[in-house]
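Since the structure comes first, as structure tokens, the remarks are kept for the end.
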Ligand code: WTA
């Protein structure tokens, strides 16, 4: 953090002192930052009121503000013609720039339209749209009128969408007629039509036009752009309490049911803004290029809320890394003069296979910082990103965080823009974050050069507050495993120097191309031929992890392996999304290795798939050890 800001705290003169100060005086730190960086309707009277062991988290109590005012109006006052969004449409070279003034206008019209259709403070609006300015305006319009948004990734199936709409008790959906990605058209409105058939609470669907192709409209549907034109460009912002809900975002956990994590207004926005500025060294006037989809938390915090709260210019990327060719990212960097590029290791691994020419073809001299997110970045990908993409001149920041944390918690240069960076390591905690490693007995590991379960020892403003309609699950998942600490579900190693390296999930969540999936969500598919199944993640060259399924058929079933696999894949893509489909299915499994209490021993299955038979370890707790032999013998029977 800049020295002049450090100077605002007694006895704090430089960045490393500020880092220490923020950990030991987290309240004073955040109070000062909140007063300085957010625009309040009413000041808060209590900085925080938190009890991690009960999952009770409140920040900036008594304060009132409006998130859309913080993201838009205050910048319109100072620099109305500054570009807020650059929409990098799927069709390369056809970007659309949206100024702060026009984004505010769009947001206000939409806010008024939603209000006119009865959307009230506290209601939940589901947004099923590709990454585009109208999606951002929809999020901000909800924030303006005090409704919560629930963005559902537009790659999710109708069933997955319906489940999220129902769980969120959402009565309004916003979508587009069709999506366009990688040159392919997807029928998003039709998917919504199918989904809402099983969502009786949905009263209205707003439909924007991404393509010119007309789409069948029902009595429930509203032509969004047409109706927006009839609305006023001024929309009174709601005065929201700091702890009112800003949004729900569903993510996978270790049971079959996705959980709707809840983020609130002030703390989330402040944390997104501060991390955006310091982790990436974002300066006024920079063009920030986060290529995540707005359907994920990365899109929320670093395509939308962080950059806009900072008055920045942010790129909305609608396409894929290889459309129309593997030079897409770098051609875009050149054309839009991107200064910070933030992407996922899976894309970097894919691109490096296409060779350096695709990168060298384009001028990347505007790049200052390269960011990585979502999964571990292996050394080869890190080196290539650094040496080829960044010409060895741009720091690569590997950022660790989660939907639950709201923003980046560990990354190499959170406070000191010159700090040393070790390849493939997230390294250092952000201001006020106190990472703690636990051993298997739940004791705090105090030394260095150790691995353990990664917890965070004190609350921070950006953390999720609860799981929608299920606070008990929130407590059990994050607060109960290590009372008094927030448990992340990840494992980490702390090096001799005290730097953190994430080692991966400790639960039954896998990470496929940076997307979180609960193995239970895939196993949950009902298929007439299948008695039971077990899904595990295995190491995959491009995707980070691939999906491997073991399937036990019912006794009397006569099926062809290939036909069955096809059927199972169709079921998974219908229930969840294409990316969740197994890469391998081992079908003719007689039984699964289980403990005597009936728990599937995934550890054993993982070792079989990794062909590490020596590593299978102690099988004495297995109900029937011959199950393992059968699986090893059947390991070739894949489809
Ligand atoms: C994993 C994405 C290693 C981790 C922002 C975490 C990472 C999960 C990293 C959250 C990283 C995220 N290195 N692993 N830099 N960043 N992860 O909720 O397992 O989609 O728990 O949030 O991704 O995924 P989520």
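List of remarks:
- Taken together, the residues in segment 160-183 that are at positive phi and either in a strand (DSSP E or B) or in contact with a strand residue (DSSP E or B) (Cβ under 8 Å, 6 or more places away or on another chain) (or both) amount to 1.
Conditions (1) surrounded by fewer than 22 Cβ atoms within 10 Å (Cβ to Cβ); (2) within 9 Å of the ligand (Cβ to nearest atom), marked per residue:
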site	(1), (2)
377	no, yes
381	no, no
395	yes, no
418	yes, no
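- Yes/no for residue 392 being more than 25 Å from residue 16 (Cα to Cα), without any contact (Cβ under 8 Å) to a residue 12 or more places away in the chain and out of contact with any strand residue (DSSP E or B) (no Cβ under 6 Å at 6 or more places or on another chain): yes
- In the condition set (1) away from the ligand (no atom under 16 Å from the Cβ); (2) in contact with a strand residue (DSSP E or B) (Cβ under 8 Å, 6 or more places away or on another chain); (3) assigned to a loop (DSSP other than H, G, I, E, B), residue 254 is compliant with all but (1).
- Residues of segment 324-336 satisfying the condition of being surrounded by fewer than 16 Cβ atoms within 10 Å (Cβ to Cβ) and in a loop (DSSP other than H, G, I, E, B): 324, 325
- Odd one out for residue 69, checked against (1) in contact (Cβ under 8 Å) with a residue 40 or more places away in the chain; (2) not in a helix (DSSP H, G or I): (2)
- Selection count where residues are within 16 Å of the ligand (Cβ to nearest atom), surrounded by fewer than 16 Cβ atoms within 10 Å (Cβ to Cβ) and over 19 Å from the mean Cα position of the chain (by Cα), scope segment 479-533: 1
- Residue count, segment 340-358 (criterion: more than 16 Å from the ligand (Cβ to nearest atom) and surrounded by fewer than 23 Cβ atoms within 10 Å (Cβ to Cβ)): 8
- Conditions (1) within 16 Å of the ligand (Cβ to nearest atom); (2) surrounded by fewer than 20 Cβ atoms within 10 Å (Cβ to Cβ); (3) within 19 Å of residue 592 (Cβ to Cβ); number of the one not met by residue 451: (3)
- Some residue of segment 272-288 being part of a strand (DSSP E or B), more than 11 Å from the ligand (Cβ to nearest atom) and either under 20 Å from residue 430 (Cα atoms) or in contact (Cβ under 8 Å) with a residue 24 or more places away in the chain (or both): yes
- Residues satisfying the criterion are present in segment 304-311 (criterion: away from the ligand (no atom under 16 Å from the Cβ) and either in a loop (DSSP other than H, G, I, E, B) or farther than 29 Å from residue 269 by Cβ (or both)).
For every residue, the table says whether it meets (1) in contact (Cβ under 8 Å) with a residue 40 or more places away in the chain; (2) under 17 Å from residue 510 (Cβ atoms); (3) touching a helix residue (DSSP H, G or I) at 6+ places or on another chain (Cβ under 6 Å); (4) assigned to a strand (DSSP E or B).
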position: 555; (1), (2), (3), (4): no, no, no, no
position: 565; (1), (2), (3), (4): yes, no, no, no
position: 570; (1), (2), (3), (4): no, no, no, no
position: 579; (1), (2), (3), (4): yes, yes, no, no
position: 582; (1), (2), (3), (4): yes, yes, no, no
position: 585; (1), (2), (3), (4): yes, yes, yes, yes
position: 598; (1), (2), (3), (4): no, no, no, no
position: 604; (1), (2), (3), (4): no, yes, yes, no
position: 618; (1), (2), (3), (4): no, no, no, no
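- Enumeration of residues in segment 132-159 that are part of a loop (DSSP other than H, G, I, E, B) and within 20 Å of the chain's Cα centre (by Cα): 132, 152, 153, 154, 155, 156, 157
- Criterion applied to 26, 68, 102 was being farther than 21 Å from residue 300 by Cα, out of contact with any strand residue (DSSP E or B) (no Cβ under 6 Å at 6 or more places or on another chain) and at pLDDT 95 or above, and the one residue passing it is 26.
The values are calculated or read from the model by the stated rules, or taken from the named source; none is laboratory data. Owing to the predicted nature of the structure, the values given are computational and were not obtained by experimental measurement. Every residue, glycine as well, gets a Cβ built from its backbone with ideal geometry; the counts of neighbours run over all protein chains shown.
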